[in-house]
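Worksheet: the structure to be examined is printed underneath.
The values are calculated or read from the model by the stated rules, or taken from the named source; none is laboratory data. Just so it is clear, the model here is predicted, and its values are computed rather than measured. Cβ sites come from the backbone with ideal geometry, for glycine too, and all protein chains shown count toward neighbours.
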Amino acid sequence: MYGPYNNWLITQDGPVLELVINRPDQRNAITFELEHELKLILNQAADDDSVSVVTMRGAGKCFSAGHDLKEVAEGYYKEGKPSGVDPHVLPALRPWWYFPKVLIAGVHEFVGPIAQDLLAHCDFVIAAEGTRFSFEQARMGSGNIFWSPLVFMFPMRVYKKMMLMGGWFTAEQAEKWDFVQRVVKPEDLESSLRAWGKEAAHTSHAQMKMGKLNIHRQYELMGLAQMAIVGNAHSGHGGEGNDKEFFRIVLQEGLKKALAFRQTFVTDDSITQV
């Protein structure tokens with residue numbers, strides 16, 4: 001029995017555990033509570049012999065807008081650090097990096113920055129046509145995700161553009177860079193995700209676990225494990241200037257006005273696409 005959880009819907013179809021981010025009214029924005037629940041779910045699934053594969057998608061209009069900016073603003077505007085983060089915990093790779101079974105995501109419409117980091121920890125990603133992968137938040141009020149496997153998944157100049165200037169890219173660009181395996185019609189996303197899950201479930205548990213462990217260790221040896229330390233020391237979040245004003249507007253005037261404030265600093269919209 002999984003759950004119930006505040007932020008996830010969970011069903012099981014044979015060996016495939018299906019997770020759905022269930023915050024549609026908040027565009028499935030990721031919170032610390034949501035991440036904690038995901039950690040509990042994956043820990044349970046790792047020890048559940050009836051589960052071979054976990055799939056993940058978002059309820060409602062989009063996969064996920066990224067981190068809940070109200071939660072981020074609470075921490076940085078008032079405390080100068082993210083809310084919910086324990087400064088005494090040593091930096092480490094995200095818990096989902098160590099999940100030993102197959103993890104597949106199906107995404108649609110919009111994928112914000114921290115949601116892209118979540119995808120970077122998935123083994124396979126299926127995207128619906130028209131999906132916008134956004135790092136626009138990097139222009140203001142967002143820390144750079146230097147501790148993520150994302151650094152290995154994009155050409156360097158693409159990664160620099162996203163992290164240093166902000167921007168967005170299409171599902172077709174994501175497929176070109178191998179960030180996603182397939183781009184499908186929106187109406188086919190759910191069935192495609194299920195088909196990939198069932199196909200992956202045919203691989204032996206022991207073979208999949210050992211193969212994934214070996215691949216991840218190779219990336220750790222290439223430096224991924226040390227990036228957590230770099231990211232913790234240089235988060236990039238600002239407690240002053242436009243960043244602080246952005247967080248103030250989020251808290252006191254609402255997210256729509258904050259995003260409009262962010263857009264006033266875009267002088268050439270043709271450059272925003274990666």
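Name the strands (runs of 3 or more DSSP E) wholly inside the range 1-63 in which the number of residues that are surrounded by 21 or more Cβ atoms within 10 Å (Cβ to Cβ) and either touching a residue at least 24 places away in the same chain (Cβ under 8 Å) or not acidic (Asp, Glu) (or both) is 1 or more.
Counting at least 1 such residues, we get 16-21, 53-58.
Which residues, taken from the range 262-272, are part of a helix (DSSP H, G or I) and free of Cβ contacts under 8 Å to residues at least 40 places away in the same chain?
Correct list: 263, 269, 270.
Which one of these does residue 111 not meet: (1) touching a residue at least 40 places away in the same chain (Cβ under 8 Å); (2) over 17 Å from residue 29 (Cβ atoms)?
(2)
Residues of the range 94-119 being surrounded by 21 or more Cβ atoms within 10 Å (Cβ to Cβ) and in a helix (DSSP H, G or I), which ones?
Passing the criteria: 113, 114, 115, 116, 118, 119.
Give me the pairs, please: first residue somewhere in the range 147-169 and closer than 21 Å to residue 265 by Cα, second residue anywhere and surrounded by fewer than 16 Cβ atoms within 10 Å (Cβ to Cβ) and among the β-branched types (Val, Ile, Thr), beta-carbon distance under 8 Å, and either six or more positions apart or on two chains.
As it stands, the answer is 165/271; 167/271, since those pairs meet every condition given.
What are the residues in the range 167-197 that are closer than 15 Å to residue 115 by Cβ, in contact with a helix residue (DSSP H, G or I) (Cβ under 7 Å, 6 or more places away or on another chain) and of a type outside the set (A, V, I, L, M), if any?
168
Considering each residue of the range 251-274, count those that are in contact with a helix residue (DSSP H, G or I) (Cβ under 8 Å, 6 or more places away or on another chain) and under 15 Å from residue 139 (Cα atoms), and give that number.
8
Here is a list: 39, 78. Which entry is of a type outside the set (A, V, I, L, M) and at pLDDT 95 or above?
Only one candidate passes the filter, namely 39.
Across the range 45-70, what is the total count of residues that are within 22 Å of residue 207 (Cβ to Cβ) and not aliphatic (A, V, I, L, M)?
So the count comes out to 6.
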